[in-house]
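The values are calculated or read from the model by the stated rules, or taken from the named source; none is laboratory data. These figures come from a predicted structure and were not determined experimentally. Here the Cβ is made from the backbone with ideal geometry for all residues, glycine too, and neighbour counts use every protein chain on show. Surface accessibility is based on the protein's heavy atoms, side chains included, excluding ligands, DNA and RNA. Shrake-Rupley method; radii C 1.70, N 1.55, O 1.52, S 1.80 Å.
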Amino acid sequence: MRRAKQALTREECEEVLARGTSGVLALAGLDGEPPYAVPLSYAYRDGVVTFHGAREGHKHDLIAVDPRASFCVIDADDVVPEEYTTRFRSVICFGRIEVVDNPAEQMDDLMFMGDRFNVGKPDDCRKEIERFKDSTRVLRLRVERMTGKESTPLAAERRATNPGRGEGIA
């Protein structure tokens, strides 16, 4: 990363991913088409970003040909007009998408996502999963590499509150 003082550490990147609820998944296009980017809800744990959605569609066609992907989450994006800038923080994950076919793993991932968005209601979540399990596909992005960056003012604030913080990951 060109501006190392603005880079987030891996731990800070994971904090952003744990806080976030949506991001943009980017996939390679087919036969010279432009890349395909689609906003998705997600949940993150243990180096894996989990998504769910329909069992078929353009996204699945692309993944079948080339599972490489990136996923971007924006944690802060506050415009400061009087300074002609933004106070931003974002993370990009790189890896490969895998389809989760094992029913027990699907249930575990969907329950994790359900709890992420509907905290403390596992019975309701399980009922909803059962209702849609035949039309739902679970995807995982195993993070091979991630980068995070924040604006200079946010980086300065972070360093002031955590003076022992080293440089971020590049």
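Limited to segment 81-100, what total is found for residues that are without any contact (Cβ under 8 Å) to a residue 60 or more places away in the chain and open to solvent by less than 70 Å² (accessible area, probe 1.4 Å)?
Residues of segment 81-100 without any contact (Cβ under 8 Å) to a residue 60 or more places away in the chain: 81-84, 92, 94-96, 98-100.
Retained after the next criterion (residues that are open to solvent by less than 70 Å² (accessible area, probe 1.4 Å)): 92, 94-95, 98-100.
So the count comes out to 6.
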Problem set entry | segment 126-165: number of residues that are open to solvent by less than 30 Å² (accessible area, probe 1.4 Å) and under 24 Å from Gly57 (Cβ atoms) | 7
For this session: Would you please list the contacts, defined by Cβ atoms under 8 Å and residues six or more apart or on different chains, that run from a residue in segment 12-35 that is within 17 Å of Leu139 (Cβ to Cβ) to a residue that is in a helix (DSSP H, G or I)?
Result: Thr21/Arg116; Thr21/Phe117; Leu25/Lys59; Leu27/Lys59; Leu27/Leu62; Leu27/Ile63; Ala28/Leu62; Ala28/Val65
Seminar exercise, completed: Within segment 1-14, restricting to residues that are closer than 18 Å to Glu144 by Cβ and of a type outside the set (Asp, Glu), the one that is nearest to the chain's Cα centre (by Cα) is Cys13
Seminar exercise, completed: Expected single match for aliphatic (A, V, I, L, M), open to solvent by 30 Å² or more (accessible area, probe 1.4 Å) and out of contact with any helix residue (DSSP H, G or I) (no Cβ under 6 Å at 6 or more places or on another chain) among Ala69, Ala37, Ala76 is Ala37
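Residue by residue through segment 40-66, note down the ones that are surrounded by fewer than 15 Cβ atoms within 10 Å (Cβ to Cβ) and either over 14 Å from Arg137 (Cα atoms) or among the β-branched types (Val, Ile, Thr) (or both). Write out each step before concluding.
To start, the set of residues in segment 40-66 that are surrounded by fewer than 15 Cβ atoms within 10 Å (Cβ to Cβ) comprises 45-46, 54-58, 61, 64-66.
Arg45, Asp46, Val65, Asp66, listed by residue number.
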For this session: Might you check whether a residue that is modelled with pLDDT under 95, open to solvent by 20 Å² or more (accessible area, probe 1.4 Å) and farther than 14 Å from Phe51 by Cα occurs anywhere in segment 110-118?
Result: yes
Exercise. Which fully enclosed strands (runs of 3 or more DSSP E) of segment 15-71 have 2 or more residues being modelled with pLDDT of 95 or more and closer than 16 Å to Thr147 by Cα?
Worked result: 22-27, 48-54
